[in-house]
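In what follows, a single structure is set out as structure tokens and then discussed.
The values are calculated or read from the model by the stated rules, or taken from the named source; none is laboratory data. The shown structure was predicted, so the numbers you read here are calculated from the model rather than taken from an experiment. Cβ placement follows ideal geometry from the backbone for every residue including glycine, while neighbour counts extend to all protein chains displayed. In case anyone asks, the SASA skips ligands and DNA or RNA and just uses the protein heavy atoms, side chains included. Shrake-Rupley method; radii C 1.70, N 1.55, O 1.52, S 1.80 Å.
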Amino acid sequence: MPSALDLRVIGAIDAICAPGGPLALTTWTAPNGVALPMIATAPPTLSGYFDHFCAQHGDTEFLVAGDERLSFAQVHAAARRVAGALAGGYGVKKGDRVAIAMRNAPSWVVLYMGVSMAGGVATLLNGWWQGGELCDGIADVGATLVFVDPPRAKRLGKCGRMPGCEIVTIDVAAPLDQALAPVTGKGSEAALPEVGAEDLATILFTSGSTGQSKGAYSTHRAVVQGTFNYIAMALMMLHIGTEDGTVKAGAPQHAILLTVPLFHVTGEVPMMLVSFAIGRKIVFMPKWDALEAMQLIERERVTNFTGVPLMSWEILNHPDRDKYDLSSVQSFAAGGAPRPPEHVRRLNDEMPAPPALGYGLTETNAVGCGSFSTNYLEKPNSTGPASRPLVDLAILDDAGRPVPQGERGEVSIRTVANFSGYWNRPEASAASMTADGYFRTGDVGYLDRDGYLFIVDRKKDIIIRGGENISCQEVEAAIYEHPAVAEACVFGLPDERLGEIPGAVVHFEPGESVAEDALKAFVAERIAAFKVPARIWISADLLPKLGTEKIDKVGMRAKYRAVHAAEVHAA
């Protein structure tokens with residue numbers, strides 16, 4: 001039966017979303033004719049969202065990066081200048097794909113805003129990609145303009161095939177106005193186009209079983225509604241905290257430590273976009289470091305910590321943790337990968353705030369499930385129930401039919417926040433959706449009697465390393481580029497810190513031989529570092545095959561996971 005906390009969550013969300021409530025619901029009819037709940041009070045577009053909440057919060061501090069501190073009003077004014085320059089000096093038209101390939105910085109946020117306000121489609125390239133991967137992503141979506149920071153510019157330059165579009169380098173380490181000078185100095189501002197809810201807003205790239213990353217595109221409505229589903233959860237927690245007396249009037253401004261890349265949907269939606277609505281300060285850090293994270297939490301009085309599970313685990317086990325005041329943090333949330341139950345227990349017992357977990361995907365604009373407080377402690381292996389008020393969660397069989405409660409099937413999500421499809425991939429788009437609008441996640445799971453989701457396997461041939469998806473097929477393709485390789489098999493290996501890491505077994509052509517480190521270096525020139533196998537075993541024999549003559553990946557994975565476990569134990 002539902003827990004006491006479940007009943008309180010349901011009651012709070014119902015009150016918030018009731019007629020006349022702050023997030024009153026209406027319905028939206030999808031192209032397939034299915035009526036879905038939608039938050040009526042949400043602005044229809046990102047540009048309207050930015051205008052409204054930046055005006056509301058005005059001079060309140062918003063972005064903090066080193067010594068630079070910027071208010072909502074300053075950030076909005078800069079974004080408006082960028083939007084005008086894009087529409088004028090750069091000639092960006094509504095629907096043009098404008099890509100960003102930069103590390104986290106205030107200029108990243110302002111460029112994202114400016115692209116949306118100018119009617120462009122903010123195309124978020126994976127900053128960890130190598131030059132060839134960046135070129136592929138740019139070409140795939142037909143980007144007309146790309147903003148890069150110096151390291152990404154260098155990678156593109158080494159690629160050997162520059163994309164046929166304008167590349168603008170942004171010095172992300174410079175103060176905001178200086179960083180944006182190459183954009184705002186391009187030419188006079190122009191009138192901005194009318195943007196509607198059905199216009200495309202974003203393209204984010206996701207790795208699946210098919211190799212090259214796919215560009216998942218979403219409308220303004222989908223992105224804003226996904227953001228507002230998180231806002232509903234924030235208001236719910238505020239409601240419960242007020243009832244319990246843990247949240248009081250005049251509480252200090254919320255602040256979040258930006259621990260994950262903004263090109264990830266977690267960084268984009270629940271971390272960056274939600275901050276506009278709730279007046280939350282975003283604190284930047286150049287790269288993840290547990291010691292620096294604790295220093296920033298103490299200095300900036302960070303209230304919200306969200307990252308992959310490894311991050312809160314490293315803080316928990318840091319030898320200097322007791323030297324820092326982490327008491328401002330209200331929750332240590334994680335996503336992208338599960339936490340072992342023992343980690344959940346220790347975080348709850350030893351940290352100043354309880355752990356929480358979220359489950360969402362690029363294709364759902366980060367919404368899905370969530371669990372926190374006593375519910376998470378009681379069911380640590382679960383991702384929690386569907387996130388109210390928008391998410392419709394189902395477990396489906398291969399034919400798209402619901403399976404009986406408790407049975408395993410493919411986790412599927414239907415919501416107004418779902419993406420529209422994969423760019424230039426109509427077949428993949430169609431295969432990812434059921435006729436009645438459920439996105440098929442590729443995860444295998446079941447629902448218990450209380451509606452809590454338990455994920456037990458994956459249908460897709462992917463590895464999740466510290467929250468980052470890796471296509472086994474893409475890694476295999478990079479290995480096969482080496483002329484000495486005859487056969488290759490890539491799979492995930494268990495890892496205590498990262499959840500999984502890539503492993504590979506290769507068989508060479510007759511008379512050929514390549515050392516493991518040399519093969520890793522070869523692969524690292526072609527794909528992002530996090531995709532490179534941590535361990536490569538060399539097989540003198542041909543790799544075992546199934547009756548279909550395909551490599552027996554399941555058997556290989558089981559065999560070499562055991563070998564890896566023995567090696568780790570021996571070390």
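Quick notes on this structure:
- log10 of Debye I(q)/I(0), alpha-carbon scatterers only, for segment 458-563 at 0.10, 0.16, 0.17, 0.24 Å⁻¹: -0.25, -0.66, -0.75, -1.48
- Centroid-to-centroid separation of segment 228-244 and segment 83-128 [C-alpha atoms, Å]: 32 Å
- Scanning residues 5 or more positions from Asp96 or on other chains, those with amide H under 5 Å from its amide H are Val121, with H placed 1.01 Å from N in the peptide plane.
- Here is how the number arises for the chain: DSSP H runs of 4 or more residues each give -39500 (n - 2.57), the sum is divided by the residue count, and the result at 222 nm is -10000 deg cm²/dmol.
- A Cα-only calculation for segment 288-382 places Rg and Dmax at 13.1, 41 Å.
- Among the protein heavy atoms of the chain, carbon and sulfur supply 53% of the accessible surface, probe 1.4 Å, non-protein parts ignored.
- Counting only heavy atoms of the protein chains and using a 1.4 Å probe, Phe419 has close to 10 Å² of accessible surface.
- Mean-position separation - Cα centroids, segment 158-186 and segment 3-48, in angstrom: 39 Å
- Tensor-based shape of segment 40-155 (alpha-carbon gyration tensor, a/c under 1.5 rounded, otherwise prolate or oblate): oblate
- All other residues whose Cβ lies under 10 angstrom from that of Pro494 are scored, Lys and Arg at +1 and Asp and Glu at -1, for a net of -2.
- Beyond 19 Å, the tail of the calculated P(r) for segment 446-496 holds 46 percent of the Cα pairs.
- If you sort the three axes of the alpha carbon gyration tensor as a ≥ b ≥ c, you get a/c of 1.5 or more for segment 98-216 and a/b no higher than b/c, which makes it oblate.
- For segment 521-564, the fraction of alpha-carbon pairs lying more than 11 Å apart is 75 percent, rounded to a whole number.
- Hydrodynamic estimate: the Kirkwood radius of segment 353-457 over Cα pairs, inserted into Stokes-Einstein at 10 °C and 1.306 mPa s, corresponds to D of 113 µm²/s.
- Separation of the Asp14 and Glu194 label points, Cα + 7 Å toward Cβ, nm: 4.1 nm
- Theoretical FRET efficiency, 1/(1+(r/R0)^6), r = Cβ-Cβ of Asp59 and Arg299, R0 22 Å, to 0.05: 0.55
- Electrostatic tally near Val485: other residues with Cβ closer than 13 Å to its Cβ, Lys and Arg +1, Asp and Glu -1, net -4.
- Accessible surface computed residue by residue for the chain, with neighbouring protein chains in place and a 1.4 Å probe, gives 41 Å² per residue.
- Extension gain from Phe530 to Thr242, taking 0.36 nm per residue of separation minus the Cα-Cα distance: 99.4 nm
- Computed with every protein chain present, the accessible area of Met162 is close to 110 Å² [probe 1.4 Å].
- Shape category assigned to segment 1-75 from the gyration tensor of Cα positions, a/c cut at 1.5: oblate
- Kirkwood analysis of the Cα pair distances in the chain returns a hydrodynamic radius of 24.7 Å.
- Segment 464-505 - percent relative contact order, Cα under 8 Å, separation 6 or more: 42 percent
- The local environment of Ala118, defined by Cβ-Cβ distances under 13 Å, has a net charge of +2 under the rule Lys, Arg +1 and Asp, Glu -1.
- Put simply, the amide H of Lys281, placed in the peptide plane, has neighbours under 5 Å in His254, Ala255, Ile256, leaving out anything fewer than 5 places away on its chain.
- Gain on full stretching of the segment that runs from Trp537 to Glu350 - 0.36 nm per residue minus C-alpha separation: 63.4 nm
- Using C-alpha pairs under 8 Å with a sequence gap of at least 6, the mean separation divided by the residue count of segment 56-113 gives a relative contact order of 30 percent.
- Considering only alpha-carbon pairs that sit under 8 angstrom and 6 or more positions apart, the relative contact order computed for segment 239-331 is 30 percent.
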